[in-house]
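**Student:** Structure below; questions to follow.
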Amino acid sequence: MRTVIIGAGPAGLSAAYHLKENSILIEKEKNVGGLGRSREVDFFIFDHAGHIFFSKDMYANNLFADLLPGNHHFQERNSWIFSQDVYTRYPFQSNLFGLPQKTIDECIQGLKTALENKGNAAPQNFDEWIEANFGAGIAKHFMRPYNKKVWARPLEHLDFSWIEDRVKVPSLEDVIGGSKASIEDRYGPNSQFGYPLRGGCQSLMDAFLPRLKNTDLCLKTELWEIDVRNRGITLSSGQSMGYKFLLSSIPLPDLVMKIIDAPKEIVKMADLLRHTSVHCVNIGIDRENLTDKHWIYYPEEKFIFQRLFIQSNASPYVCPEGTTSLTAEISHSQHKPIDAENIISRTINDIVKTGLIKSESEVLATDHLNIEYGYIVFDQNRTACVEGIRKFLEEHNIIPIGRYGEWNYFNLDHAFLSGKAAAERINAGKI
Ligand SMILES: Cc1cc2nc3c(=O)[nH]c(=O)nc-3n(C[C@H](O)[C@H](O)[C@H](O)COP(=O)(O)OP(=O)(O)OC[C@H]3O[C@@H](n4cnc5c(N)ncnc54)[C@H](O)[C@@H]3O)c2cc1C
């Protein structure tokens, strides 16, 4: 019996690449890459949500470079926030310069008060964490509205275990300094990022294929059912097979639903896992040099999207000469339903409102896709449920991998490393 890997996204591809023994890689779509796929629409190459590469991990950085010899380049991040009709540098909290004086005063005063109250009461959720660390002004003008848009739910529902170095907590001196002058801030792991020169993110994903020497790849084949007692699976093709180990990168709740007669407590845990979905609206524009920014955050509700990623600034080769391409990200959930029917026209209207384009007549290409599993929600149930499900799965030689398998805030690099870690456990006989 062989090891079976489910899902040929970044985690599954990396697992197959690092596994020393023969394996079968099963993917329901017609090409590999998962959310790292790109698609071509009217000569524009659009990623699923625009995927830049960055990592603090040396191995992941080397892997990225090795996979794309001569086809990658690195750039310094140029990201901004647009609010109150003003562009300010990212991150908002240490770059208030340019905002109305009243807003700056509220942000600085709020932070002073927060610092005075520090240690009075430990924050119990993300909303309280924001107020405790940034004060009422920064919370009001960016942190709350932006995060509500991204997470598409009340911020009291979230904990703050996912933050690590994703959100900068500046000192009062930093905030005051950043309110007086526009200073480039190289904070965070994505302050420098890589991107394939040609072919969009798909070329990074496809680069695994010639390196998968021990792997049989089955595309357009979906995992249907898992029989944990007999260590076997059934596929959409009707084929059944046994597995030695099953490495799964499909979303954890979906995986549990595929297990025949899964214990009730495991199903209950899977039911408690929450996620946010993301609409991605891709737009091709009949103008070059629309902006020099790589991405722009939009905290205000008057814009449907929370972020525009200017894909043609990641690489000039993803769009025809003389044009620009961008992706609008729009989170949604049962707490924040979005009408998908008119989503392209609403997005274009709102891009006009930003002033980036003058009218709809500048639009050359449009495309829309919905990412059902976008962001993992970190709430009070997540850790215990993920641990409980994982323990049960491992008893049956099933190892969840990747962002949605491990149910974690993973980027491409973490997904690569997650697949690698699982493969290495098998290589070393440590499972
Ligand atoms: C809006 C958004 C923007 C992002 N931007 C970035 C970024 O700029 N940089 C970055 O590093 N990361 C980014 N990420 C994160 C990145 O997309 C993920 O970390 C990465 O794709 C996770 O890879 P994965 O292999 O774990 O999962 P996926 O990419 O989801 O791959 C899972 C694969 O499993 C397949 N599959 C699912 N069910 C089945 C089944 N039943 N049978 C067979 N196959 C199945 C799917 O088709 C898919 O190919 C972003 C994520 C989102 C949502």
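**Student:** Scan segment 1-43 residue by residue and report those that are more than 10 Å from the ligand (Cβ to nearest atom), assigned to a helix (DSSP H, G or I) and of a type in the set (A, V, I, L, M, F, W, C).
**Tutor:** Ala16
**Student:** List the helices (runs of 4 or more DSSP H) inside segment 334-414, counting only whole elements, that have at least 2 residues being more than 11 Å from the ligand (Cβ to nearest atom) and over 25 Å from Asp42 (Cα atoms). Please lay out each step first, then the result.
**Tutor:** On the way: elements: 343-354, 382-395, 402-405.
Those helices (runs of 4 or more DSSP H) span 382-395.
**Student:** Here's another thing I want to ask about it. Which of the following residues is within 15 Å of the ligand (Cβ to nearest atom) and within 24 Å of Tyr375 (Cβ to Cβ): Phe92, Phe46, Phe74?
**Tutor:** Values: Phe92 fails: within 15 Å of the ligand (Cβ to nearest atom); Phe74 fails: within 24 Å of Tyr375 (Cβ to Cβ).
Checking each option against the conditions leaves just Phe46.
**Student:** Check segment 265-284 and report whether any residue there is assigned to a loop (DSSP other than H, G, I, E, B), modelled with pLDDT under 95 and either buried (at least 17 other Cβ atoms within 10 Å of the Cβ) or touching a strand residue (DSSP E or B) at 6+ places or on another chain (Cβ under 7 Å) (or both).
**Tutor:** No, segment 265-284 contains no residue that is assigned to a loop (DSSP other than H, G, I, E, B), modelled with pLDDT under 95 and either buried (at least 17 other Cβ atoms within 10 Å of the Cβ) or touching a strand residue (DSSP E or B) at 6+ places or on another chain (Cβ under 7 Å) (or both).
**Student:** Select from segment 289-306 the residues that are in contact with a strand residue (DSSP E or B) (Cβ under 6 Å, 6 or more places away or on another chain) and more than 22 Å from Asp339 (Cα to Cα) and list them in ascending order.
**Tutor:** Leu290, Lys293, His294, Trp295, Ile296
**Student:** Can you tell me which condition Phe142 does not meet? The list is (1) modelled with pLDDT under 95; (2) of a type in the set (A, V, I, L, M, F, W, C); (3) within 19 Å of Asn95 (Cβ to Cβ), and all the others hold.
**Tutor:** All conditions are met except number (1).
**Student:** Separate question: Given the condition in a helix (DSSP H, G or I), crowded, with 19+ Cβ neighbours inside 10 Å, hydroxyl-bearing (Ser, Thr, Tyr) and not assigned by TED's automatic domain parsing to the domain that holds His396, answer yes or no: does some residue in segment 136-154 qualify?
**Tutor:** yes
**Student:** Filter segment 99-129 down to residues that are within 31 Å of the chain's Cα centre (by Cα) and surrounded by fewer than 15 Cβ atoms within 10 Å (Cβ to Cβ) and give me whichever is nearest to Asp185 (Cα to Cα).
**Tutor:** In this case the residue turns out to be Pro123.
**Student:** Failed condition for Phe53, given (1) under 23 Å from Glu372 (Cβ atoms); (2) buried (at least 24 other Cβ atoms within 10 Å of the Cβ); (3) within 10 Å of the ligand (Cβ to nearest atom); (4) under 20 Å from the mean Cα position of the chain (by Cα), with all others met?
**Tutor:** (1)
**Student:** With segment 168-261 as the region, which helices (runs of 4 or more DSSP H) entirely inside it contain at least 3 residues that are out of contact with any Asp or Glu (no Cβ under 6 Å at 6 or more places or on another chain) and farther than 26 Å from Arg390 by Cα?
**Tutor:** Working: elements: 172-180, 200-206, 252-257.
The qualifying helices (runs of 4 or more DSSP H) are 172-180, 200-206.
**Student:** Let me ask something additional. Tally time: how many residues in segment 266-287 are within 16 Å of the ligand (Cβ to nearest atom) and either in contact with a Lys or Arg (Cβ under 9 Å, 6 or more places away or on another chain) or of a type in the set (Asp, Glu) (or both)?
**Tutor:** Number satisfying all stated conditions: 5.
**Student:** Okay, moving on. Counting only residues that are within 26 Å of Phe410 (Cα to Cα) and modelled with pLDDT of 95 or more, give me the strands (runs of 3 or more DSSP E) lying completely in segment 60-102 with at least 2 of them. Walk me through it before giving the result.
**Tutor:** Details: elements: 72-76, 79-83, 86-89.
Counting at least 2 such residues, we get 79-83.
Yes/no per residue for (1) touching a residue at least 12 places away in the same chain (Cβ under 8 Å); (2) within 23 Å of Val4 (Cα to Cα); (3) more than 21 Å from the chain's Cα centre (by Cα):
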{"residue": "Thr324", "(1), (2), (3)": "yes, no, yes"}
{"residue": "Asn342", "(1), (2), (3)": "no, no, yes"}
{"residue": "Asn349", "(1), (2), (3)": "no, no, yes"}
{"residue": "Ala365", "(1), (2), (3)": "yes, no, yes"}
{"residue": "His396", "(1), (2), (3)": "yes, yes, yes"}
{"residue": "Pro400", "(1), (2), (3)": "yes, yes, no"}
{"residue": "Gly405", "(1), (2), (3)": "yes, yes, no"}
{"residue": "Gly419", "(1), (2), (3)": "yes, yes, no"}
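The values are calculated or read from the model by the stated rules, or taken from the named source; none is laboratory data. Since this is a predicted model, take the numbers as computed values, not measurements. FYI the Cβ positions are ideal-geometry reconstructions off the backbone, even for glycines, and counts take in every protein chain you see.
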